[in-house]
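Novice: To start, I am sharing the structure in question, which I have written as C-alpha cells.
The values are calculated or read from the model by the stated rules, or taken from the named source; none is laboratory data. Keep in mind it's a predicted model, so treat the numbers as computed, not measured. Methodologically, a virtual Cβ is constructed for each residue, glycine included, from the backbone with ideal geometry; neighbour enumeration extends over all protein chains shown.
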C-alpha cells in the first residue's frame, strides 16, 4: 500500500469517478460474468452520490491519480448507484440493530490486487465502528467475494438480481465488528 493515500471523497472527485468505475466493472468482472451480464450490471452498479454527501465515501490516490473508491453507509440502501434500477431507501439505520452497509467499492484495473480495496474496506469498517455499528453488511459481486472472505465476511445468501432478463449473481455478506476479526493482510 506504499504510495497510496486515502481520504474522504469530495465533490471535486465526482467528475473522475465514473471513468474509474466503468474501467473496474468492465475489466475486473470479465473472469466472473458474461459480456451480457457485465453490460446489465451497469444498471445496478455505480456511484451513489449520497455517500459523498454523507461524508462516508473514500477515494484512494496514487501520485495524484484516483485509483480506487468505496464507502460505507448508515442508510438502508444496500447497493446500487445513482443510476440504479432497483428501489433505494434513504432511511437511517439503527447501529444497535442494523449492520452498516459497505457500498460502491471499485479499484482501477491497473491497481487491482495491490491492497487498494483492503485499505478502503478497513477505513469503512473503522468509520462504521466509530459511529456505533457492531456489524457491517454488503452485496458482493463474484469478483469481490475473495476479498470479503479473507476479510472475515461470511455469506448470508445468494441474491441474484434480474436486469431486463439478465441475471446478475450477487451474494449478501456480513461481518461482526466486535469479535476482533479484522481484514488479514
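Novice: Give segment 103-135 a look and list any residue that's farther than 19 Å from residue 17 by Cα and assigned to a strand (DSSP E or B), or say none.
Specialist: 135
Novice: Given (1) within 24 Å of residue 163 (Cβ to Cβ); (2) at pLDDT 95 or above; (3) buried (at least 18 other Cβ atoms within 10 Å of the Cβ), identify the lone condition not met by residue 109.
Specialist: Of the numbered conditions (1) within 24 Å of residue 163 (Cβ to Cβ); (2) at pLDDT 95 or above; (3) buried (at least 18 other Cβ atoms within 10 Å of the Cβ), the odd one out for residue 109 is (3).
Novice: Which of the helices (runs of 4 or more DSSP H) contained wholly in segment 1-102 include at least 2 residues that are under 22 Å from residue 113 (Cβ atoms) and without any contact (Cβ under 8 Å) to a residue 24 or more places away in the chain?
Specialist: On the way: elements: 17-28, 35-41, 49-54.
Output list reads 17-28.
Novice: With the checklist (1) under 21 Å from residue 120 (Cβ atoms); (2) surrounded by 20 or more Cβ atoms within 10 Å (Cβ to Cβ); (3) modelled with pLDDT of 95 or more in hand, flag the one item residue 80 doesn't pass.
Specialist: With (1) under 21 Å from residue 120 (Cβ atoms); (2) surrounded by 20 or more Cβ atoms within 10 Å (Cβ to Cβ); (3) modelled with pLDDT of 95 or more applied to residue 80, the lone miss is (3).
Novice: Sticking with this structure for a sec: Between a first residue in segment 121-141 that is at positive phi and surrounded by fewer than 18 Cβ atoms within 10 Å (Cβ to Cβ) and a second residue that is in a strand (DSSP E or B) and at pLDDT 95 or above, which pairs have beta carbons less than 9 Å apart while being 6 or more apart in sequence or on different chains?
Specialist: none
Novice: Quick one: count up the residues across segment 43-62 that are under 14 Å from residue 7 (Cα atoms) and at pLDDT below 95.
Specialist: Result for segment 43-62: 0.
Novice: Could you list, in sequence order, the residues of segment 136-153 that are in a strand (DSSP E or B) and in contact with a helix residue (DSSP H, G or I) (Cβ under 9 Å, 6 or more places away or on another chain)? If you could, list the steps in order and put the result at the bottom.
Specialist: As a first pass, look at segment 136-153 and keep what is in a strand (DSSP E or B): 136-141.
Answer for segment 136-153, where residues must be in a strand (DSSP E or B) and in contact with a helix residue (DSSP H, G or I) (Cβ under 9 Å, 6 or more places away or on another chain): 136, 138, 140, 141.
Novice: Taking the residues in segment 155-174 that are buried (at least 16 other Cβ atoms within 10 Å of the Cβ) and not in a strand (DSSP E or B) as candidates, determine which candidate is modelled with the lowest pLDDT.
Specialist: Within segment 155-174, the match that is modelled with the lowest pLDDT is 159.
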